[in-house]
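First the structure, in the form of structure tokens, and then the observations on it.
Just so it is clear, none of the values below were taken in a lab; they were calculated from the coordinates. Bear in mind that the values here come from a model prediction, so they are computed numbers and not experimental data. Here Cβ is always computed from backbone atoms with ideal geometry, including for glycine, and neighbour counts include all displayed protein chains.
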Amino acid sequence: MEPIVHQGLSNLVIQMGNVQIRSYEAKNIVKASIEPDLLKKQEIEANVLKTPKVLYNWWKEHSLWAKDLAIIYIKEAQKAYRDQQSNWTQYLGWAFHFITDRATPYHSPNKLNPLINSIQDDFEEGANSLKGFSVKSQIAGGLLNVGANIFSKAIDLKINHDDFEDLCDEKWISCKNMISEILLSLKKPDRSIINLSFIKKKINYLHEKYKDISLKWINTNNNYEKYMAEIVFVMDLAYQFIFKE
Ligand SMILES: [Zn+2]
């Protein structure tokens, strides 16, 4: 998702949650909710030669591994919170990011798997074919070719993915109030039944329900608002879990 959606969703969790946190803590959580993407962009800027590898890891982490990463960071956030370390907010923001990514179509493994496999093959092939080169510029040129190949394969997926996220981004401001209304109508589970396996189940449920939704679907009825409210609902489970005694 685009930053406006990641941050908007995080803000809603905090506003709608029954927990009082300090305003700088709220700000840190919201800021951290877009960091997993920012960090990848910085990695690419810092070392263009590593671009295919970074992109490959980016896709993998933000699709196949998104649920596992969300759970890891929920645990870290709870531990840090209990130890009274201020970075619990950062871990929680990262967990929020990965919950949303897991619920985003076009991030789903059935769409990405063939692409990821071909990216890895291309990358390894490209890297092998460059082994003999010693001049840095030649290596750079070679890797750029590998990158171009990957991008042409990725382009179909990327168009769908970008269109979807752009649409979600555009609709956010005008639909925000409706999302809050729907959220209020969803029955919150009792905090006593919220544990990691319950959260895992709900992340899987989000993924299965939304992995194949289309641009048309998101524009129909109040599907967009319901979809976003359900993501907030699951993020809120993570939020409640952190403060559990
Ligand atoms: Zn992401």
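Under 19 Å of direct C-alpha separation, and excluding same-chain neighbours fewer than eight residues apart, Lys244 reaches these aspartates and glutamates: Glu25, Glu76, Asp83, Asp190, Asp236. Would region 1-69 count as rounded, prolate or oblate if I go by the C-alpha gyration tensor, calling it rounded below 1.5 in a/c and otherwise prolate when a/b exceeds b/c, oblate otherwise? Here region 1-69 falls in the prolate category.
Under 15 Å of direct C-alpha separation, and excluding same-chain neighbours fewer than eight residues apart, Lys27 reaches these aspartates and glutamates: Glu35.
With a Förster radius of 30 Å applied to the beta-carbon distance between Glu35 and Asn221, the computed FRET efficiency rounds to 0.35. Per-residue extension of 0.36 nm, minus the Cα-Cα distance of Asn57 and Ser23, leaves a gain of 8.9 nm for this segment.
Count the lysine pairs in region 40-101 whose Cα atoms sit under 14 Å apart, keeping only pairs 8 or more residues apart in sequence or on different chains. Display every interim value, and only then the final one.
Numbers: Lys40/Lys50; Lys40/Lys53; Lys40/Lys60; Lys41/Lys50; Lys41/Lys53; Lys67/Lys75.
The number of close lysine pairs in region 40-101 is 6.
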